[in-house]
Amino acid sequence: MTTSMHSKDPWQEMLKRFNEAARRLDLDEGVWKILSEPDLELKVSIPVVMDHGKLEVFTGYRVQHSRAMGPCKGGIRYDMGVTLSEVKALAAWMTWKCAVVNLPFGGAKGGVICDPSRLSHREKEVLTRRYTAAISDIIGPDRDVPAPDVGTNEQIMAWVMDTYSMHHKETAAAVVTGKPLLLGGSRGRADATGRGIFDILQHAAHRYHLDLRNSRVIIQGFGNVGSTAARYFHEAGIKVVGLSDVRGAIYNKDGIDIAKLREYVAKNRFVTGFAGAEAIDAKELLVQPCDVLVPAAIENQITEQNAERIQAKLIIEGANGPTTDEADRILEKKGVHIVPDILANAGGVTVSYFEWVQDRAGFFWPESEVNQRLDEVMHRAFIEVADMAEKNQVSLRIGAYMLAIDRVAQVHKLRGIYA
Ligand code: NAD
C-alpha cells in the first residue's frame, strides 16, 4: 500500500520543496507557474473480465508533468494506494530526477489502482494491455516512455511494448524501458538503481568523511531497489545490520548475510523468519543504531514522528518521497546528510535512458559499458548537487531541486511559449 497509508499529500510535499528551490533561484514567474502544474493528466477506466467470469473496472492514470526537456519518462505503478496526487508527485519527481542527471527527458508517471498480488497472470496481462491501449495515444518513443515501478516488472513492460506495437503496426522497442533482454532491454537495467545507490554511498561517504568499513547500514524495503543495494553493500564488505519489507523487519548488530537472505527470500518471499537475524518491530527499524539509512520502500516513512530518534548520519533515499518536509527540517538541525531521491535513485532512469538509446540505435552495449557510464553519471551528478548545496548553503535536497529547476527553466526560456 502506498499513499492511503499515510497522511501527507505527495503532490503538496513535492510543491513545498519545488517552491523553496524556486524562491532561492529567483525563478521566472511564468516558468514557475508552468512547472507548478502537470502538462497533462489522464484518467482511464480499465474494464477487465476476471477469471471468475465477472467484470471489474479498474482506474488508471498517466500524468506528464513536463515535456520541456524531451520525451517524458516515468514508471507505471500497480498498487492499491495509487492516487492522482501520488502519480502527479511521482511525475514531477521524474522531471527533476532526469534534469539532475542531465538526461534529455521530461517527467511522467502512471499508476493503476489494483493489488497485483491478487491478480492472476492472465488478469494482469489483460489489465496491462487495456491500460496501454487507453494511454497509447500519449505514449511513444518520442512522446512518453514508461518503465517498471512498484508492483510492475519486465513481463508487464513486454506486454506494454507488444500492445503499443500492435496498435502502431511497428515493432516499437523504445516505447518502454525495463524490458526483458530479448525484447531490447539493456544489460545492467535490473541492478541499475541499487548500483546507483551504492555509487552515491561511496561519494557521500568520501565527501562527509564516513568510514564505510566500520559503518552499519539499515535498509527499509527488500524489493528491486533495496535487495540490489544490499547486495552491492554486502559484496563491498559494508555491514547491513537491519532490513525490512511489508511483512516485518529483522536486525543483527553483527551484520546480515545478504547472499543467504536473498536465497531465503527467493523461497519464502519475505525477510521475516530468516534465521540469521532477530525479528524486530518494523516501525522501530528506522531508529535502530546505524550510520547509514536507506529507505527503499514507499513514501512518507521518515516523518516528524520518528525523525528526532533516527541515529543515522547519512540517509540515502532509494524510494521516492520517503522523507516529509517536517522530517527534513528536524534532520537538518541534527546535521544528518540526506541524499535526496531525485539524485540517489536516479540510476534506474539513467540506464533506462541507455536502454532507449540502444533500442533506437539497434546496437547493444556490454554490461561493463553500461555500468561504467552509469557510474560516471552518478558521480558527476553527486558532485554537481553537493557543490550547488554548498554554494547556496542549502540542504542536498534543495540543492538538487535548484540544479534541476534551473536546467528546465533554461530550456523553457530557449523554447519560448508557442501561441
Ligand atoms: P518493489 O515492489 O520491488 O519493492 C518494494 C519493497 O518495499 C518490497 O520489499 C515491499 O515488501 C517493501 N515495502 C512495502 N511497503 C513497506 C512498508 N510499509 N515497510 C517496509 N517495507 C515495505 O519496488 P522497488 O522497485 O524496489 O521500488 C521501491 C521504491 O524505489 C519505490 O519508491 C520506487 O518508486 C523507487 N524507485 C524504484 C526504481 C526502480 O528501478 N525499481 C527506481 C527509482 C526509484
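Of note:
- Condition met for Thr163 (touching a His at 6+ places or on another chain (Cβ under 9 Å), modelled with pLDDT of 95 or more and away from the ligand (no atom under 16 Å from the Cβ)): no
- Flag for Ile46 being within 16 Å of the ligand (Cβ to nearest atom) and within 30 Å of Cys114 (Cβ to Cβ): no
- Residue within the stretch 196-217 that is modelled with pLDDT under 95, within 21 Å of Pro295 (Cβ to Cβ) and among the small types (Gly, Ala, Ser) present: no
- For the stretch 386-414, a residue qualifies if it is over 23 Å from Lys334 (Cβ atoms) and touching a residue at least 40 places away in the same chain (Cβ under 8 Å), and the qualifying residues are Leu403, Ala404, Ile405, Asp406, Arg407, Val408, Ala409, Val411, His412, Lys413.
- Of the criteria (1) assigned to a strand (DSSP E or B); (2) within 16 Å of the chain's Cα centre (by Cα), which one Ser45 fails: (2)
- If you go through the stretch 389-406 and keep only what is surrounded by 17 or more Cβ atoms within 10 Å (Cβ to Cβ) and in a helix (DSSP H, G or I), you end up with Ala389, Leu396, Arg397, Ile398, Gly399, Ala400, Tyr401, Met402, Leu403, Ala404, Ile405.
- With respect to the stated conditions, Glu332 is outside any loop (DSSP other than H, G, I, E, B) and modelled with pLDDT of 95 or more.
- Residue count for the stretch 291-339, restricted to those that are acidic (Asp, Glu) and open to solvent by less than 50 Å² (accessible area, probe 1.4 Å): 5
- Being over 24 Å from Leu90 (Cβ atoms) and either touching a His at 6+ places or on another chain (Cβ under 7 Å) or surrounded by fewer than 23 Cβ atoms within 10 Å (Cβ to Cβ) (or both) is not true of Lys124.
- Of the residues making up the stretch 220-252, those that are within 8 Å of the ligand (Cβ to nearest atom) and either farther than 21 Å from Gln301 by Cβ or modelled with pLDDT under 95 (or both) number 3.
- Members of the stretch 127-154 that are touching a Lys or Arg at 6+ places or on another chain (Cβ under 8 Å), open to solvent by 10 Å² or more (accessible area, probe 1.4 Å) and closer than 29 Å to Gly226 by Cβ: Asp149, Val150, Gly151, Thr152, Glu154
- Residues located in the stretch 272-290, provided they are within 11 Å of the ligand (Cβ to nearest atom) and either open to solvent by 30 Å² or more (accessible area, probe 1.4 Å) or touching a Gly at 6+ places or on another chain (Cβ under 7 Å) (or both): Thr272, Ala282, Lys283, Leu285
- Residues within the stretch 136-164 that are over 25 Å from Gly81 (Cβ atoms) and part of a loop (DSSP other than H, G, I, E, B), tallied: 5
- Gln372 being closer than 25 Å to Tyr251 by Cβ, at pLDDT 95 or above and either within 16 Å of the ligand (Cβ to nearest atom) or open to solvent by 10 Å² or more (accessible area, probe 1.4 Å) (or both): no
- Which listed residue, of Ala409, Ala386, Ala381, is in a helix (DSSP H, G or I), more than 16 Å from the ligand (Cβ to nearest atom), open to solvent by less than 20 Å² (accessible area, probe 1.4 Å) and more than 22 Å from Asp28 (Cβ to Cβ): Ala386
- Considering the conditions (1) touching a residue at least 40 places away in the same chain (Cβ under 8 Å); (2) open to solvent by 20 Å² or more (accessible area, probe 1.4 Å), Trp11 is excluded by exactly one of them, (2).
- Scope the stretch 225-237; condition more than 15 Å from Phe270 (Cβ to Cβ) and surrounded by fewer than 24 Cβ atoms within 10 Å (Cβ to Cβ); matching residues: Arg231, Tyr232, His234, Glu235, Ala236, Gly237
- Residues located in the stretch 256-315, provided they are touching a His at 6+ places or on another chain (Cβ under 8 Å) and assigned to a helix (DSSP H, G or I): Ile258, Ala259
The values are calculated or read from the model by the stated rules, or taken from the named source; none is laboratory data. Because the structure is predicted, anything quoted here is derived from the model rather than measured. Glycine also receives a Cβ, built like all others from the backbone with ideal geometry; neighbour counts cover every protein chain displayed. Areas reflect the complete protein model, heavy atoms only, side chains present, ligands, DNA and RNA absent. Shrake-Rupley method; radii C 1.70, N 1.55, O 1.52, S 1.80 Å.
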